[in-house]
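**Q** Submitted below is the structure of interest, expressed as structure tokens.
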Amino acid sequence: MALSLPISSLESDIKTKNSGCPESEIGSQGLRKQILKKGNSWQTPFPGDEVEVHFSGRVEGGACLDSNVDKGTPFRFKLGQSEVIKGLDEGVATMKRGERAIFIIPPNLAYGELGFPPLIPPNSTLIFYVEMLSWTSIRDVTGDGGILKKITKEGEGWATPREADEVLVKYEARLENAALVSKSDEGVEFNVSDGYLCPAISKAVKTMRRGEKAELAVKFSYGIRQNENGATDTDDVPPDSNLTIKLELVSWKSVVDVTGDKKVLKRITKVGEGFDRPNEGSMVKVIYYGKLKDGTIFERKGSNEEPFEFTTLEEQINEGLDRAIMTMKKGEQALVTVTKGYLHSNDISGMANEDLFYEVKLIDFIKEKPFWKMDTKEKIEACERKKNDGNVLFKAGKFWRASRKYEKAATYVEFDHSFIDDEKSIAKALWFSSNLNSAACKLKLGDYLEASTLCTKVLKHDPCNVKALYRRSQAYLKISELDKAEDDIKRALTSDPNNRDVKLVYKELKDKQREYARYQTEIFSTMLSRMG
């Protein structure tokens, strides 16, 4: 607890120490500060925080002003809310817990030219002796004053929930007149992005740490909304009501959007060890079972005594589950949801029209040997193996997975400084074909920009590569870059005048150019008719 001194003792303390205390200027408007006693932490309050201080003040060379020291009750005010003079507001914002300081406040940061007669003459400099006791953090969650959060109990750790996470909270919501709106002592679980009760809860919970308790002052714009009939969804709550909400973040489950389109979601139920995760081609050991929405278990693999082993992205398990496991750490447990929108008719689970729910534990994994640990012979063999895997997948119409194989293949031989001359020519040919095959996958997937980028990489090393020019021209055609497509086609035909595929794409280009010319003619004719 901070020391409370009578004014006379405080001033005596100040006079004793004043000579040895360096003075510093705060900001550029003349506010000066002398630290009499250093604080006991590194933190300082933020604008909006509610601070508790002891203080006494006087006019420089003149009368004593107000003081709360003898009263024994801390003086409370909110920083940055114009509840005290500007100089005191700015000065206290620089203080740490337990700190004592003198602030010399110039007129422009106090009462200015008018003063505050008869106590404070015009253009008076004020001197305040301040002791920082504590402060309560108050955050403007939305930046517009719509949700103010006051922390009543600090949480654990540093992490806060994200938009996709599922949180468990306890809350109590009341109107300004203290009438109870809704509460949950047992706790309620919901997805942050879906929200619960009112927008304020989901917005505030994203700023909270596990175990944190807070009080929310909620303006009606973030409170309980009206429904289609013009009434609120909660009985007996007037529309446009301000709320006070006591909120506790009990816990949450991290949710990972594995595919980026919410078709494969992973909810972490037990955090794993370390930072490493399986990559493509890793040998993993897992225990899992899959069930349908009605609870029917359709698949069960592995046990504690004998975990199930498989190689990632080799079509040995459901692809959605496969990709989710590649985001897990050793020892992690998770619930994985694979929606029917992600599954395909040839999915190995045989449940293409069902949402699938998996409970999975990653026991262990051994990652595929990284290319920088391979000798040159191993790199070439690994590249050929991945490229051949990609070819099989491409023929089966599995273009995304084929592209991943080709991309992996290219990484093995991308840097050829360690290869001998004979190996360099083999590595170069493999690198070219891997990138061009990947470009063919991107064309099938509709990723035309990436297809053109892969072809350009090859053309930087081989400007007359017909296959690269052909595939890049296809990508340019799809994004209506007709001039670039024509340039690539002409360059390809110069190198290989009888190439049937290039001739076909040239015909497609001419058709598009004629179509574009007709379109331009129609626009021009319309303009002329309007002008006439």
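The values are calculated or read from the model by the stated rules, or taken from the named source; none is laboratory data. All of these numbers come straight from a predicted model, not from anything done at the bench. Note: ideal-geometry Cβ built from the backbone for every residue, glycine included; neighbour counts use all protein chains shown. We work out accessible area using only protein heavy atoms, side chains counted, and drop any ligands, DNA or RNA first. Shrake-Rupley method; radii C 1.70, N 1.55, O 1.52, S 1.80 Å.
**Q** Give Thr142, Thr160 a once-over and let me know the one that is within 30 Å of Pro199 (Cβ to Cβ), of a type outside the set (A, V, I, L, M) and touching a residue at least 60 places away in the same chain (Cβ under 8 Å).
**A** Thr142
**Q** Residues Ser182, Ser193: which one is assigned to a loop (DSSP other than H, G, I, E, B), of a type in the set (Gly, Ala, Ser) and surrounded by fewer than 21 Cβ atoms within 10 Å (Cβ to Cβ)?
**A** Ser193
**Q** Taking Glu407, is it part of a helix (DSSP H, G or I), touching a residue at least 24 places away in the same chain (Cβ under 8 Å) and either at positive phi or open to solvent by 30 Å² or more (accessible area, probe 1.4 Å) (or both)?
**A** So Glu407 passes the test.
**Q** Being over 34 Å from the mean Cα position of the chain (by Cα) and open to solvent by 40 Å² or more (accessible area, probe 1.4 Å) is the filter; apply it to segment 83-107 and report the residue that is nearest to Gly48 (Cα to Cα).
**A** Ranking the qualifying residues of segment 83-107, first place goes to Glu83.
**Q** Condition first: farther than 17 Å from Asn499 by Cβ and assigned to a helix (DSSP H, G or I). Now tell me which residues in segment 446-464 satisfy that.
**A** Of the residues in segment 446-464, the ones farther than 17 Å from Asn499 by Cβ are 446-454, 456-457, 460-461.
Result: Tyr448, Leu449, Glu450, Ala451, Ser452, Thr453, Leu454, Thr456, Lys457, Lys460, His461.
**Q** If only one of Lys442, Lys467, Lys369 is under 24 Å from Arg323 (Cα atoms), part of a helix (DSSP H, G or I) and either under 31 Å from the mean Cα position of the chain (by Cα) or not aliphatic (A, V, I, L, M) (or both), which one is it?
**A** Working: Lys467 fails: under 24 Å from Arg323 (Cα atoms); Lys369 fails: part of a helix (DSSP H, G or I).
Being under 24 Å from Arg323 (Cα atoms), part of a helix (DSSP H, G or I) and either under 31 Å from the mean Cα position of the chain (by Cα) or not aliphatic (A, V, I, L, M) (or both) holds for just one of Lys442, Lys467, Lys369, which is Lys442.
**Q** Further question on the same structure: Go through segment 95-115 and give me each residue that's touching a Leu at 6+ places or on another chain (Cβ under 9 Å) and either closer than 15 Å to Ile85 by Cβ or of a type in the set (S, T, N, Q) (or both).
**A** Across segment 95-115, the qualifying residues are Phe103, Ile104, Ile105, Pro106, Pro107, Leu109, Ala110, Tyr111.
**Q** I've got another one for you. Residues of segment 494-532 being within 25 Å of Val458 (Cβ to Cβ), part of a helix (DSSP H, G or I) and out of contact with any Phe, Trp or Tyr (no Cβ under 7 Å at 6 or more places or on another chain), which ones?
**A** Residues satisfying the conditions are Thr494, Ser495, Arg500, Lys503, Leu504, Tyr506, Lys507, Glu508, Leu509, Lys512.
**Q** Having 2 or more residues that are modelled with pLDDT under 90 is the bar; report the strands (runs of 3 or more DSSP E) wholly within segment 72-153 that clear it.
**A** 126-136, 138-140, 147-153
**Q** Test Phe419 against the criterion of being part of a helix (DSSP H, G or I) and either aromatic (Phe, Trp, Tyr) or in contact (Cβ under 8 Å) with a residue 60 or more places away in the chain (or both), and give yes or no.
**A** For Phe419, the condition - part of a helix (DSSP H, G or I) and either aromatic (Phe, Trp, Tyr) or in contact (Cβ under 8 Å) with a residue 60 or more places away in the chain (or both) - is not met.
**Q** Quick check: anything in segment 410-426 surrounded by 20 or more Cβ atoms within 10 Å (Cβ to Cβ) and among the charged types (D, E, K, R)?
**A** no
**Q** Does segment 48-61 contain at least one residue that is more than 40 Å from the chain's Cα centre (by Cα) and exposed (fewer than 15 other Cβ atoms within 10 Å of the Cβ)?
**A** The answer is yes, given that some residue of segment 48-61 is more than 40 Å from the chain's Cα centre (by Cα) and exposed (fewer than 15 other Cβ atoms within 10 Å of the Cβ).
**Q** Of all residues in segment 479-515 being more than 44 Å from the chain's Cα centre (by Cα) and aliphatic (A, V, I, L, M), which is farthest from Leu443 (Cα to Cα)?
**A** Leu493
**Q** While we're here: Going by what's in this entry, would Trp158 be described as assigned to a strand (DSSP E or B), aromatic (Phe, Trp, Tyr) and at pLDDT below 95?
**A** Considered against the rule, which asks whether it is assigned to a strand (DSSP E or B), aromatic (Phe, Trp, Tyr) and at pLDDT below 95, Trp158 comes out as no.
**Q** To continue, here is another question. Applying the selection to segment 290-313, what residues are farther than 24 Å from Asn353 by Cβ, open to solvent by 50 Å² or more (accessible area, probe 1.4 Å), in a loop (DSSP other than H, G, I, E, B) and touching a residue at least 12 places away in the same chain (Cβ under 8 Å)?
**A** Once the filter is applied, which keeps residues that are farther than 24 Å from Asn353 by Cβ, open to solvent by 50 Å² or more (accessible area, probe 1.4 Å), in a loop (DSSP other than H, G, I, E, B) and touching a residue at least 12 places away in the same chain (Cβ under 8 Å), segment 290-313 yields only Asn304.
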